[in-house]
Amino acid sequence: MEPVSVRPPPDEVAMNGHAHKQVGGPTGAVAAFALARKQTPAARIVETFGGYVGGVVGARLPDIIDPPTCPHHRSIGHGIVPVGLASRACLDRIPAWQEQLRRSAEEHSVAAAQTTDVWERLLHSLLELLCRVGAGMLAGIPAGYLSHLALDATTPAGLPLIAGRDARLDI
């Protein structure tokens with residue numbers, strides 16, 4: 001007799017993870033692009049890239065919080081109420097966090113332009129780039145997370161209202 005496994009087949013997990021990344025990345029990029037509308041074209045491109053990376057990361061987070069060890073693995077990381085409350089708290093703060101990173105990026109850009117030391121210029125340019133990527137990631141992570149939940153809501157298992165096997169949202 002074969003042992004019973006509570007894990008889904010590896011190809012099933014990889015396919016779901018792949019689908020989440022395929023949707024999460026572009027979703028994060030679109031969110032970052034939209035929130036960077038007042039930035040220079042170059043800064044907007046960098047933030048959009050950051051949003052793509054953040055979208056991929058965010059799309060993986062629900063399954064990191066609730067590892068897919070069985071068909072009914074969805075718990076608090078997939079719960080409509082806890083995710084909704086956390087999203088509300090974060091989404092209200094993202095514009096201020098992005099502006100802080102954008103100010104830091106601009107300070108590094110000015111410092112890079114003013115220095116004559118090649119290594120200092122390189123360091124400030126790198127820090128400017130990281131600040132702009134970070135600003136995009138701040139938009140991309142929640143967008144990717146929510147895209148994961150949107151995809152999971154369309155499956156037969158749906159989403160839990162709070163956690164575990166409670167009332168589910170079946171679309």
Within a Cβ distance under 10 Å of Ala111, other residues only, what is the Lys/Arg minus Asp/Glu net charge?
-> -3
Would you calculate the separation in nanometres between label points at Ser125 and Ala19, each defined as 7 Å from the Cα along the Cα-to-beta-carbon direction?
-> 4.4 nm
dims of the range 28-171, Cα set, principal axes, largest to smallest, nearest Å -> 62, 27, 21
Per residue of the range 39-54, in order, report the coupling 6.51 cos²θ - 1.76 cosθ + 1.60 (Karplus, θ = phi - 60°) as ³J(HN,Hα) in whole Hz, putting x for Gly and Pro.
-> 8, 5, x, 5, 5, 5, 5, 5, 5, 5, 4, x, x, 4, 4, x
Distance in nm between label sites at Ala157 and Ile65, each 7 Å beyond Cα in the beta-carbon direction?
-> 1.5 nm
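I need the peptides 127-140, 85-98 ranked by packing, meaning the mean over residues of other C-beta atoms within 10 angstrom, with the highest value on top. Provide the component values of the computation, followed by the final result.
Details: 127-140: 24.6, 85-98: 12.8.
The densest-packed peptide leads the list: 127-140, 85-98.
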Compute the Rg/Rh shape ratio of the range 68-142: radius of gyration over Kirkwood radius, all on alpha-carbon atoms.
-> 1.26
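Place the peptides 50-59, 102-111, 146-155 in order of packing, highest mean first, counting for every residue the other Cβ atoms within 10 Å and averaging per peptide. Provide the component values of the computation, followed by the final result.
On the way: 50-59: 26.9, 102-111: 16.5, 146-155: 18.3.
Peptide ranking by packing, descending: 50-59, 146-155, 102-111.
Looking only at Cα atoms, what is the convex hull volume of the range 26-103 per residue, in Å³?
Values: hull volume 7.3 nm³, N = 78.
So the per-residue Cα hull volume is 94 Å³.
Throughout, read-outs are computed from the coordinates displayed, never taken from laboratory work. Worth saying up front: this structure is predicted, and the values here are computed from it rather than measured. Cβ: placed from backbone, ideal geometry, glycine included. Neighbour counts: every protein chain shown.
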